[in-house]
Amino acid sequence: MTFPGHLRALAERAISSIRSDEAEDIYVLSFFMDNERGDPRQPTLAIGYNTRTRLRRATADASDAAEARWNHAFWLQNELTVIGDLTRDPDGAAARRQWISELGLWYDEPTCPEEWMTIVGPTAALIGAQFHRACVHLARDLHDDGVIEGAMGRPVPVVLHEPEYYEGTARRTAAANPPGLSDDFTAWVHRRVRRPPADAR
């Protein structure tokens, strides 16, 4: 199976496994993208969600209700699946390496320090961009094919994010969802990114 196909199979299985009683409480799905062991050649996708029950409990600990609603740090931190994890999904990890190689982007760790800047940096950025694009297409396909609505009973936004939020987070999330579905999240990201530092106010 190709890596995009593997992404689709595991994501659909994970979302479809959510119990109907839990689905009623869910207001957002999390597509958390990270690099295992900090290695750009090993991007992973962890799928989880947050609930209104958790949101109510977390609001008191956040700066405001929007922070509790949209900042992953206040969410359940659950993992329905972690796709591409070397230990938990070795088949996905192998398919990912083949996919990166077919894109012409696989590299071996250089022995010369200068090559980290000239080879690894630009290539890592290209791998990240391809992985982000694959995750955007995955989320949108899950919407378009009715997988998310079928599991949730209604459309629910998918937030595509990394450990930090930035303009790309909002852009990818908007592209991954039907028009308007993720507007509240993207507006929150824009406010967060453009907010001046505390010492500059």
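Every number in this text was worked out from the coordinates using simple rules, so none of it is lab data. What you see is a predicted model; the values in this text were computed from it and never measured. Don't worry about glycine lacking a Cβ; one is built from the backbone with ideal geometry, like all the others, and counts go over all protein chains shown.
A crude spin-label estimate for the pair THR118 and GLN77, with each label 7 Å from Cα along the Cβ direction, gives 4.3 nm.
Please work out the Cα center distance from segment 55-107 to segment 130-201, rounded to the nearest Å. Cα centres, segment 55-107 to segment 130-201: 13 Å. Each Lys and Arg contributes +1 and each Asp and Glu -1, all at the Cβ; summed about the Cα centre of the chain, the dipole is approximately 560 debye.
Geometric descriptor of the chain, per residue, is 140 Å³ (volume of the convex hull of the Cα atoms).
Counting only DSSP beta bridges with both residues in the chain, what percent are antiparallel, rounded to the nearest 5?
For the chain, the DSSP antiparallel bridge percentage is about 75.
Expressed as a rounded percentage, what relative contact order does segment 1-125 have, with Cα pairs under 8 Å and six or more residues apart?
Working: 146 pairs, mean separation 29.8, N = 125.
Relative contact order comes out at 24 percent.
Using every pair of distinct Cα positions in segment 9-119, the Kirkwood expression returns a hydrodynamic radius of 16.3 angstrom.
Screening the chain for DSSP H helices whose Cα atoms reach 30 Å or more along their own axis and whose mean Kyte hydropathy is at least -1.0 gives 121-144. Got the relative contact order for segment 1-51 handy, in percent, Cα pairs under 8 Å and 6 or more residues apart? Once normalised by length, the contact order is 33 percent.
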